[in-house]
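Following: one structure in structure tokens, then a few remarks.
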Amino acid sequence: MPDVIFSVDQSRSMHDQAVPGHNRWHPDVPVAAMVRPGDEFRVECREWTDAQIGNNDSANDVRDVDLMRCHMLSGPIGVEGAEPGDLLVVDILDLGPVPQQVGNAPGEAWGYTGVFAKANGGGFLTDYFPDAYKAIWDFHGQVATSRHLPGVRFTGITHPGLFGTAPSEELLQRWNRREQALVDTDPDRIPPLGLTPDPDQALVGQATGSDAERIAQEGARTVPARENGGNHDIKNFTRGSRVFYPVYVADAKLSGGDLHFSQGDGEITFCGAIEMGGYIDFHVDLIKGGMEKYGVTTNPIFMPGNVEPRYSEFISFIGISVDHDTDTNYYLDATVAYRRACLNAVEYLKRFGYTGEQAYLLLGAAPIEGRISGIVDIPNACCSLYLPTGIFDFDVHPSAEGPKAADRGQCAVTT
Ligand code: ZN
């Protein structure tokens, strides 16, 4: 096992760790540990909400989750010799839940998938599912099962939802400017169009005094993916992956967390992965001047690892850019089309006895594939959602006999 260079006591909040992490992006969050190109090391992570969610049968904690505290990031890890313009090469050697530990924090032998309430962040289908819901998952080696989703059992593709390098001062200002401009187009929207800087609940690593205040005031929120990487939520960014992050500040300052036991493409419920704390092992290196050499300036690139479950049969649900409720046509809108594909899958699964909420949670968490299938055939974009049939312990195929509905209980709901 490589040396742990950022450690987490899972019985404490990230605020109370010997070396606390941070929950805002800012160039001046002090480095928590230094490594060299060529080093291998382990980073321990809190679950992204700092364990606000419990292993129980009520979704009240998901309804009431304080997004100001998110995401809890481990780091920053400084890489000696990294300078703006370089590419930071990061290999994911291994990752998983908290090893050999059963407890109350997500990642200690269990994880969860949440549907956020419309009033608190929402999700991809929030107009159809405006309330909060939750499914608890138990880990059996690589396999996940849920008392809230009987009849389902699948192999997780573990991956970090979020890692990235620190932005430069100039890049941070651009983020804040453009996101504020978007929010200003409809400032009262629910859910909001974006989350702009807010010092409430900001955690700024080991910064103190006026530095801490400034970072809390200016620091970018962690929800979206941006030029530095960030909250990509790419399910195939798993063990064996190699990512090339743009470097914007001296030492690169790599931070992240939000580990997932599994996730469907799109992470459609917002908190749609199987969320957990745990560990991640890295190897790092540098390509000097790599940003210009490869034209990688506004985004990371990555090579997926070879580890993923081999599901070979799928039912594919197609969606087009038409709102069937109002019979409105949208022009090549892949978001509308993928939403229809998701709703079509939910409707199908309801015929087998799941509630809509259970189906929605399942599509967020299970290893489903989401694809843009056609994006030029005016006026309809065509997206498809590939549901692996092998995750069900009953026959989910369409046939002349019709679907066999069973009592499949319900997920955790609010009271
Ligand atoms: Zn997550």
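Any read-out appearing in this document is the output of simple, stated calculations on the displayed coordinates, not a laboratory observation. Quick caveat: nothing in here was measured; it's all calculated off a predicted structure. Cβ placement follows ideal geometry from the backbone for every residue including glycine, while neighbour counts extend to all protein chains displayed.
Return, ordered by residue number, the residues of region 178-221 whose backbone nitrogen is under 14 Å from a label point located 7 Å along Cα→Cβ of residue 66. Answer for region 178-221: 199-204. Here the spin labels are modelled as points 7 Å beyond Cα on the Cα-Cβ line, and at residue 236 and residue 1 they lie 3.2 nm apart. Annotation: the antiparallel percentage among DSSP beta bridges lying fully within the chain is about 90.
Per-residue ellipticity at 222 nm for the chain, helices alone: DSSP H runs ≥ 4 residues times -39500 (n - 2.57), over residue total, nearest 500 deg cm²/dmol? Before the final figure, lay out the partial values.
On the way: 6 runs with 62 residues, N = 415.
Calculated from helices alone, the mean residue ellipticity at 222 nm is -4500 deg cm²/dmol.
Using 0.36 nm per residue, how much length does the chain from residue 55 to residue 328 gain when fully extended, once their Cα-Cα distance is taken away?
Details: separation 273, 0.36 × 273 = 98.28 nm, distance 4.17 nm.
Full extension of this stretch gives 94.1 nm more.
Which FRET efficiency, nearest 0.05, do residue 250 and residue 223 yield, Cβ-Cβ r, R0 30 Å? The computed FRET efficiency comes out at 0.70.
Of 379, 135, 23, which is farthest towards the positive pole of the chain's charge dipole, taken about the Cα centre with +1 and -1 on the beta-carbons of Lys, Arg and Asp, Glu respectively? Result: 379.
Comparing mean-square fluctuations of 186, 211, 94 from a GNM of the chain with C-alpha springs under 10 Å, the top value falls on 186.
The lysines whose alpha-carbon is closer than 16 Å to the alpha-carbon of residue 134, local same-chain residues fewer than 8 away aside, are 118. For residue 293, the lysines whose Cα comes closer than 23 Å to its Cα, not counting residues fewer than 8 places off in the same chain, are 253.
Bridgeable lysines around residue 404 (alpha carbons under 17 Å apart, same-chain partners fewer than 8 residues away excluded): 350.
Distance between the modelled labels on residue 405 and residue 372, one decimal in nanometres: 3.8 nm (7 Å Cα→Cβ projection).
Compute the Rg to Rh ratio over the chain from the alpha carbon atoms, using the Kirkwood formula for Rh, and round to two decimal places.
0.96
Close amide H partners of residue 33, meaning residues 5 or more places away or on another chain with modelled amide H under 5 Å apart, are 78.
Extension gain, residue 201-residue 119: 0.36 nm per intervening residue step, less the Cα-Cα distance, totals 27.6 nm.
If R₀ is 45 angstrom, what is the calculated FRET efficiency for the pair residue 109 and residue 318, using the beta carbon separation as r and rounding to 0.05?
Details: r = 38 Å, r/R0 = 0.84.
The pair residue 109/residue 318 has a calculated efficiency of 0.75.
For region 33-122, the pair-distance distribution built from all alpha carbon pairs, in bins 5 Å wide starting at 0, is 2, 10, 18, 18, 15, 12, 11, 9, 4, 1 percent. Taking only the alpha carbons of region 315-366, we obtain Rg and Dmax values of 11.7, 35 Å in that order. Compared with the dominant Cα axis of the chain, that is its longest principal axis, helix 334-350 is turned about 50°.
Work out how much length residue 303 to residue 34 would gain on full extension: take 0.36 nm times their residue separation and subtract the Cα-Cα distance, in nm to one decimal. Mind dumping the intermediate values first?
Working: separation 269, 0.36 × 269 = 96.84 nm, distance 2.50 nm.
Extending this stretch completely gives an extra 94.3 nm.
In this label model, residue 147 and residue 16 are separated by 2.6 nm, measuring between points 7 Å along each Cα→Cβ vector. Label zone of residue 296 (point 7 Å out along Cα→Cβ, amide N under 16 Å): in region 139-178 this covers 163-166. Taking every alpha-carbon pair under 8 Å whose residues sit at least 6 apart, the chain reaches a relative contact order of 24 percent. Report, by chain and number, residues whose modeled amide H sits under 5 Å from the one on residue 226, excluding near sequence neighbours (fewer than 5 apart, same chain). Answer set, sorted by chain and number: 231.
When each of the peptides 169-178, 194-203 is scored by the mean number of other C-beta atoms lying within 10 Å of its residues, the order from highest to lowest reads 194-203, 169-178. Report the far tail of the P(r) of region 282-369, meaning the percent of Cα-Cα pairs longer than 23 Å. Value for region 282-369: 52 percent of Cα pairs lie more than 23 Å apart.
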